[in-house]
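Structure first, then comments.
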C-alpha cells in the first residue's frame with residue numbers, strides 16, 4: 001500500500017538482468033504479477049508457484065533462461081527443490097528481493113520457517129545486491145533480518161530506510177462487550193453501519209480460529225451482509241475465489257484468520273475489525289493498516305474480550321517450541337539417534353533436514369524453528 005514494491009519493480013524493468021523476488025504467499029505473488037501484466041502492461045514478469053502444471057513451469061524457466069524475464073517471483077519453499085536450485089546457477093540474476101521480510105524473523109508476528117531457506121542462497125549470491133522489504137519490523141526483527149541475510153557482510157553498501165507509519169485518515173476504536181452474545185451483536189451492528197454507510201463499502205473481520213471464521217460469516221449473511229469466511233483450511237481454489245470476489249467488490253466482508261491479507265492492496269476497505277485481539281502490536285498495525293488506503297476515512301476497531309486472551313495463549317503455546325522440546329531434539333540429533341544420521345571419525349554428525357522430520361516424528365514447522373535456533377546457537381551448521 002505504501003509503494004514498497006515499486007522500489008524494486010521499476011529498477012528491474014529498466015536494466016538488463018533478472019530480479020528474483022521471494023514472496024511468502026501464492027495469492028500475493030499472483031496479485032503482483034497480474035497487476036504488472038494487466039494494469040501496467042509489463043510483459044517481462046512471471047512466477048513459479050505450486051498449482052502450475054509441469055508444462056507451465058517449463059515455459060517460465062525457458063523464459064528466464066532465454067532472458068525474456070526481468071522479474072521472477074517464487075515462494076520460499078521453491079528453494080528446497082534441487083532442480084530449481086541447479087537452474088538458478090544458469091540465470092543472469094542481478095538482484096535478490098525478499099518481500100515481507102519480517103517472515104524471516106522468529107521474533108516476527110508472522111514468522112514462516114520456509115523463509116529460513118533463503119539463507120542457503122547466500123553463498124552463491126555474494127556479489128548480488130539484496131533488498132529486504134517489510135511494513136512492520138521492530139528493532140529485534142530488523143536485527144534478525146540483517147543477520148540472517150548477512151546484509152552487513154557482503155562487501156556491498158548497506159542502508160536501512162524506514163518510513164512514517166502514521167495514517168491520519170484511520171480512526172481507531174476499542175470496545176469491551178460484556179458477553180459473547182453482545183460481542184456478536186456489536187460486530188454485526190458495526191459491519192452494517194460502516195459497510196452500509198456508502199456504496200461499495202467493504203471490510204475485513206479478523207478472528208482467531210477457522211471455526212469462528214465460518215460461524216461469524218454465516219451470522220453476517222443471516223443479517224443480509226455479503227460475507228464469506230477465509231482461512232487456511234479452505235481449498236486453495238476457494239480461497240482464491242473469495243479473494244477475487246472481495247477485490248471486485250462482490251463480497252462486502254471477509255471474515256478471516258491471519259491467513260488473509262498479506263499483500264492485499266484493495267484501496268477502498270472502510271474498516272478492519274479485530275473480533276479477537278491480534279497476536280502482537282505489530283500484527284495489529286499491519287492488519288489495521290489495510291483499511292483506508294485510498295486516503296479516505298476508515299476504521300480500525302478492536303473488540304476486547306478476556307476469552308480471546310485465553311485462546312491466544314493456547315495458540316501461542318501450541319506453535320512455539322518449548323525449551324524442553326529444543327533440548328530433546330538437540331540431544332537426539334547429537335546422539336545420531338535416528339536413521340540417516342552418519343557419525344564421522346572426527347565425531348561430527350551428518351544428516352538432512354528431511355531425515356530429521358521423517359525420523360523424529362515431530363511437527364515440521366516447529367522443527368524448522370528448532371533447527372534455526374540450534375544453528376543460531378552454533379550447535380549445528382548447514
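The values are calculated or read from the model by the stated rules, or taken from the named source; none is laboratory data. Remember, predicted model here, so these are calculated numbers, not experimental data. As a convention, Cβ positions derive from the backbone with ideal geometry for all residues, glycine included, and neighbour counts pool all protein chains shown.
Among the residues of segment 36-59, write down those that are touching a residue at least 24 places away in the same chain (Cβ under 8 Å), within 24 Å of residue 7 (Cβ to Cβ) and surrounded by fewer than 18 Cβ atoms within 10 Å (Cβ to Cβ).
Within segment 36-59, 42, 44 meet the criteria.
Looking at segment 260-297, which of the residues that are touching a helix residue (DSSP H, G or I) at 6+ places or on another chain (Cβ under 8 Å) and either assigned to a helix (DSSP H, G or I) or within 22 Å of residue 26 (Cα to Cα) (or both) is modelled with the lowest pLDDT?
Only one residue tops the list, namely 263.
Considering only segment 118-134, I want to know if a residue exists there that is under 18 Å from residue 373 (Cβ atoms), modelled with pLDDT of 80 or more and in the same structural domain as residue 85 (by TED's automatic domain parsing).
Yes - at least one qualifying residue is present in segment 118-134.
Scan segment 1-26 residue by residue and report those that are under 18 Å from the mean Cα position of the chain (by Cα) and farther than 25 Å from residue 120 by Cβ.
Of everything in segment 1-26, those that are under 18 Å from the mean Cα position of the chain (by Cα) and farther than 25 Å from residue 120 by Cβ turn out to be 1, 2, 3.
Please go through segment 4-25 and give me each residue that is assigned to a helix (DSSP H, G or I) and surrounded by fewer than 19 Cβ atoms within 10 Å (Cβ to Cβ), ordered by number.
Within segment 4-25, 6, 7, 10, 11, 13, 14 qualify.
Would you confirm, using the coordinates I've provided, whether residue 49 is over 24 Å from the mean Cα position of the chain (by Cα), outside the structural domain of residue 237 (by TED's automatic domain parsing) and modelled with pLDDT under 90?
In short, no.
Run residue 307 past the list (1) under 30 Å from residue 173 (Cβ atoms); (2) in contact with a helix residue (DSSP H, G or I) (Cβ under 9 Å, 6 or more places away or on another chain); (3) modelled with pLDDT of 75 or more and report the number of the one that doesn't hold.
Condition not satisfied by residue 307: (3).
Only one residue in 227, 180 is under 23 Å from residue 304 (Cβ atoms), more than 18 Å from the chain's Cα centre (by Cα) and buried (at least 20 other Cβ atoms within 10 Å of the Cβ), so which one is that?
227
If we keep just the residues of segment 60-117 that are in contact with a strand residue (DSSP E or B) (Cβ under 8 Å, 6 or more places away or on another chain) and free of Cβ contacts under 8 Å to residues at least 24 places away in the same chain, which is nearest to residue 30 (Cα to Cα)?
Checking each candidate, the answer is 60.
Sort out which residues of segment 57-83 are in a helix (DSSP H, G or I) and farther than 30 Å from residue 368 by Cα, and write them in order of number.
Of everything in segment 57-83, those that are in a helix (DSSP H, G or I) and farther than 30 Å from residue 368 by Cα turn out to be 59, 62, 63, 64, 65.
Could you pull out the residue among 187, 238 that is in contact with a helix residue (DSSP H, G or I) (Cβ under 9 Å, 6 or more places away or on another chain) and assigned to a helix (DSSP H, G or I)?
187
List pairs: first in segment 226-244 and assigned by TED's automatic domain parsing to the domain that holds residue 210 and closer than 17 Å to residue 31 by Cβ, second modelled with pLDDT of 90 or more and part of a helix (DSSP H, G or I), Cβ under 7 Å, 6+ apart or cross-chain?
Close Cβ pairs (under 7 Å, with a partner that is modelled with pLDDT of 90 or more and part of a helix (DSSP H, G or I)) amount to 230/213; 230/242.
What tally of residues in segment 265-279 results from selecting those that are surrounded by fewer than 20 Cβ atoms within 10 Å (Cβ to Cβ) and within 18 Å of residue 231 (Cβ to Cβ)?
2
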